[in-house]
Amino acid sequence: MSDVTKPAAALAHPILTSGLDRRRFLAGAAGLATLGAGFTPSAPAIAQAAPLKVGFMLPYSGTFAKLGKFIDDGFRLYVEQQGGKLGGREVAFFQVDDESKPEAATDNMNRLVGREKVDVVVGTVHSGVAMAMVKVARDSNTMLIIPNAGVNEATGPLCAPHIFRSSFSNWQVCYPMGKVMHDAGHRKVVTITWRYAAGQQMVAAFKEGFSAAGGSVIEELALPFPEVEFQALITQIATLKPDAVFAFFAGGGAVKFVKDYAAAGLNKTIPLYGSGFLTDGTIPAQGEAANGIKTTLHYADNLDNAANKAFLSSFKAKTGQDGDIYAVQGFDGAALLNLGLTAVKGDMGARPAMIEAMRSAKFDSPRGPMSFNRANNPVQDVYLREVRNGRNEMIAIAQKSVDDPARGCKAQS
Ligand code: PHB
């Protein structure tokens, strides 16, 4: 277990948000108990007076550590902007470090759901971990908001009314890249990724779009997650001499891949493309090596809308760092929950109405306009970005209002 991992015992002590410290919370609870015969609060009133228990299951260590931290920071920023409340209720946070380890995911999820009895789980980054979380959320009927992991099944065959994404599906952000690369004149492409659900699904979606446009993938390279020994594969790319490369890596792995690719000199001869995770939140560490990389994603740093400007400046004020897609997805996850809870005046017991409010939500995210499809996956624009001036700058909308096909989703109408 890493430093940030809260052992199970520590999880019994929620971190209360600003606006409610533990002493005040206990005093409030005691006050309710001594109100006496003159006032008998109803059960929903008591439930709504209690803090909302939000369980973060995120990677706070390993190659995706920064991604998890930014989701956490983005979510908390939104809560702070609501005076420490969601749907009018104070919030108590519980955290578990999932370490991006699928084998520990069911136990980690059960800690939050079974032991801490959280009202809602927010997580995670890694598609394999998210698969296990979705299964527990379905079995236990727990509300789940996925603030990153793109695993198609979560809003496909395993869709459920109480499972939402504030992020994207693996298909959604990569399919549009097929046409983009074909339009750029590329016909023979090599793909490279980690061999796990996200990498495989993103490459498959890119390939679907690229083949439909008339291109062909001549080699699919992969290495186990989260390995970063790229040298042999980079040598293979140099030998294959494709027109271009499409890659999915993220976090620490993306930093190393982009640097290794440039160190081998390939950035001068074989253009590198990818899903936007290749360069989101990573440019300061990648430096010059990232210049010119083109990616598709549902966010860009320079989106010229009021929500993005406000978000970036408040995120910087809170953390001292530049916001990225992960922070946006955390922020929007909190916005979505707030919207649902506000519709039912904080009463999680009124879940069908809460879910309906969330599913029909339309709001101005820092990413641009956002709504939800029948499987609770965002419908959103996917941008073509290029790394310029140390930022992911939007150069075009690659595909407008992209809606994941929700293949295999039967539970929703
Ligand atoms: C995923 O595993 O779904 C995943 C991980 C990191 C990203 C994007 C997707 O940046």
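The values are calculated or read from the model by the stated rules, or taken from the named source; none is laboratory data. Predicted model, so just to flag it, every value in this text is computed and none were measured. Counting neighbours? That spans all protein chains shown, and the Cβs are built from the backbone with ideal geometry, glycine included. The area values use the complete protein model at the heavy-atom level, side chains included, leaving out ligands, DNA and RNA. Shrake-Rupley method; radii C 1.70, N 1.55, O 1.52, S 1.80 Å.
One table, with the values for the structure above:
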read-out: Residue-level accessible surface for ARG407, protein heavy atoms, 1.4 Å, Å²; value: 140
read-out: For the chain, accessible area per residue (1.4 Å probe, heavy atoms of protein chains only), Å²; value: 38
read-out: With eigenvalues of the C-alpha gyration tensor scaled by 5 and rooted, the chain, Å; value: 39, 21, 19
read-out: Accessible area of the chain belonging to carbon and sulfur atoms, whole % at 1.4 Å probe; value: 55
read-out: Taking region 171-297 and dividing mean pair separation by its residue count, relative contact order in percent (alpha carbons under 8 Å, at least six apart); value: 27
read-out: Around VAL151: net Lys/Arg minus Asp/Glu count, Cβ-Cβ under 12 Å; value: 0
read-out: Gap separating the Cα centres of region 62-117 and region 209-229, nearest whole Å; value: 32
read-out: Sequence-distant residues sharing a close amide H with PHE225 (under 5 Å, placed H); value: ARG195
read-out: Sum of side-chain charges, LYS179 neighbourhood, beta-carbon under 14 Å (Lys, Arg +1; Asp, Glu -1); value: +2
read-out: Area accessible to solvent at ASP260, 1.4 Å probe radius, in Å²; value: 30
read-out: Angle in degrees between helix 127-140 and the longest Cα principal axis of the chain, rounded to the nearest 10; value: 30
read-out: Free-standing Cys, the chain [no other Cys Cβ under 4.7 Å]; value: CYS174
read-out: Approximate shape of region 171-297 as ellipsoid semi-axes (Cα gyration tensor, √5λ), whole Å, largest first; value: 20, 16, 14
read-out: Folded to 0 to 90 degrees: helix 65-81 orientation relative to the chain principal axis, Cα; value: 40
read-out: Net charge contributed by nearby residues that have their C-beta within less than 12 Å of ALA263 (K/R +1, D/E -1); value: +1
read-out: Set LYS259/LYS400; LYS188/LYS241; LYS316/LYS345; LYS85/LYS345 screened for pairs whose C-alpha atoms are more than 21 Å apart; value: LYS259/LYS400; LYS316/LYS345
read-out: The chain: relative contact order as a whole-number percent, Cα under 8 Å and 6+ apart; value: 18
read-out: Degrees between helix 231-240 axis and first principal axis of the chain (Cα, 0 to 90, nearest 10); value: 50
